[in-house]
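Engineer: Below is one structure. I have some questions about it.
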Amino acid sequence: MTIAIDTRDICCVALELSKTSWVCAFAAPGDSRASVHKVKTGEVERLIGILNNGRAKAERELGRPLQIVLCYEVGYDGFWIARLLIARGIRVVIFDPASFLMPRRGRRAKTDRLDAEGMTRTLRTWLAGDHEVAREVQIPSVEQEDAKRLERERKYLVEERVSIVGRIKGLLALHGIWLTGKRIGKGLRACLDSMRTGDDRPLGPFLRRDIERMLTRYDVISQQIAEVEAERKVALDRNTGQFPHAEKVRLLSTLGAVGETTATVLVAEVYHRTFETRRHVASFIGLSPSPYSSGDVDRDQGISKAGNKLARQTLVELAWFWLRYTQLTPEAENPWVKLYGNYR
């Protein structure tokens, strides 16, 4: 529900972040232009000093107490700035940069100063109740943000291992040697001595050392994946309580075709939040439809893919697992069929 507030007593502040400097635009109520200040990246105390001085000056001119609302775009710097400013009593609104309404006529001038000034106007309009000009990003708790690292790290390691497997298979295929299966067997290193190319030659010395080094990285990554999975089991234990909403993971894991990995991803990425309707869930994940209807043209462009990529990939894989599970399990013993019926 859109809630409009009175912005006549609010100083709108926008922060444009970069790795070298921060550009702060301060717009007091009634000012046609914002005052722009530049601080070095990480100088939070100086930033707070600029905000307090700007508010004090505006209060002297207007003769009434004012409130500061600061906004910035979510990105490289994450949420630590918001948590620090909120602890200092400053309200912070984080916007999704992909949701801003932008002009589409000609080339658009873009500088940090112009972006910060424009964001102050966007913030004032958003606070007034028009939430279509930009979308707010929910600030997760420290525990919720840290819980995402568990499965994201595992996904990164698995992708790196798949890349190594593909490179080894590709190098061997160049010489007429084809390996089957998705994984590299433990005996591949021992087979390098007797391995012959398609034209009956031993492996070249540089090619062999390249493969041996990749096998070493493969073993290290496999060990790290096992360590991450062991940490997950400890975090989900009832006695440790390290993983937030661990009970939801255990409940999801009881459903057919849903394993511990899938349940952990869904809880860490999606189900730690609260959604009003199922449409909000689909929009957050990027599974909402994208219709295109203009004049005589009316077609469906598929899902939007504008949400959480990891959660969307996991749910698509889960849908295939569900189909596979319902086909292999008798209907009388299938809990999915008992709950939702058989849609085959």
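Engineer: For the chain, take the longest principal axis of its alpha carbons; what is the angle in degrees between that and the long axis of helix 112-127, to the nearest 10 within 0 to 90?
Structural biologist: The answer is roughly 80 degrees.
Engineer: Once the other residues with Cβ under 11 Å from the Cβ of Val74 are scored (Lys, Arg +1; Asp, Glu -1), what is the net sum?
Structural biologist: -3
Engineer: Under the rule of at least 5 residues apart or a separate chain, name every residue whose amide H is placed under 5 Å from the amide H of Cys71.
Structural biologist: Val13, Ala14, Leu15, Val93
Engineer: Can I ask one more? Tell me the angle of helix 205-235 to the major Cα principal axis of the chain, expressed in degrees between 0 and 90 and rounded to the nearest ten.
Structural biologist: 60 degrees
Engineer: To the nearest 20 debye, what charge dipole does the chain have about its Cα centre, counting +1 at the Cβ of each Lys and Arg and -1 at the Cβ of each Asp and Glu?
Structural biologist: 640 debye
Engineer: State the dimensionless ratio Rg/Rh of region 164-226 (Rg: radius of gyration of Cα atoms; Rh: Kirkwood radius).
Structural biologist: Over the Cα atoms of region 164-226, Rg/Rh equals 0.96.
Engineer: Return the sequence-ordered ³J(HN,Hα) values of region 249-264 in whole Hz as given by the Karplus equation 6.51 cos²θ - 1.76 cosθ + 1.60 applied to θ = phi - 60°, using x for Gly and Pro.
Structural biologist: Result, rounded to whole Hz: 4, 5, 5, 5, 5, 7, 6, x, 6, 10, x, 5, 5, 4, 5, 5.
Engineer: Additional query: For the chain, max minus min Cα coordinate along each principal axis, in Å, sorted largest first?
Structural biologist: For the chain, the Cα extents along the three principal axes come out at 88, 59, 58 Å.
Engineer: On to the next question. Just to be sure I understand: of the beta bridges DSSP finds with both ends in the chain, what percent are antiparallel, rounded to 5?
Structural biologist: Around 65 percent antiparallel, to the nearest 5.
Engineer: Percent of Cα-Cα pairs per 10 Å bin, from 0 to the last occupied bin, for region 18-140, please list those.
Structural biologist: Per 10 Å bin, starting at zero, the Cα-Cα P(r) for region 18-140 comes out as 11, 44, 37, 8, 0 percent.
Engineer: Let me know the Rg and Dmax you get for region 119-276 when you use only its Cα atoms, in Å.
Structural biologist: Cα only, region 119-276: 23.4, 76 Å (Rg, Dmax).
Engineer: For region 1-54, count all C-alpha to C-alpha pairs, find those more than 17 Å apart, and express that count as a whole percent of the total.
Structural biologist: Of the Cα pairs, 42 percent sit more than 17 Å apart.
Engineer: Under a 1.4 Å probe, what is the accessible area of the chain per residue, stated in Å²?
Structural biologist: With all protein chains present, the chain gives 62 Å² per residue.
Engineer: What residue among Ala311, Ala116, Ala319 shows peak mean-square fluctuation when the chain is described by a Gaussian network model with Cα springs under 10 Å?
Structural biologist: Taking springs between Cα atoms under 10 Å, the residue moving most is Ala319.
The values are calculated or read from the model by the stated rules, or taken from the named source; none is laboratory data. Because the structure is predicted, anything quoted here is derived from the model rather than measured. Here Cβ is always computed from backbone atoms with ideal geometry, including for glycine, and neighbour counts include all displayed protein chains. The accessibility values were calculated without ligands, DNA or RNA, using every heavy atom of the protein model including side chains. Shrake-Rupley method; radii C 1.70, N 1.55, O 1.52, S 1.80 Å.
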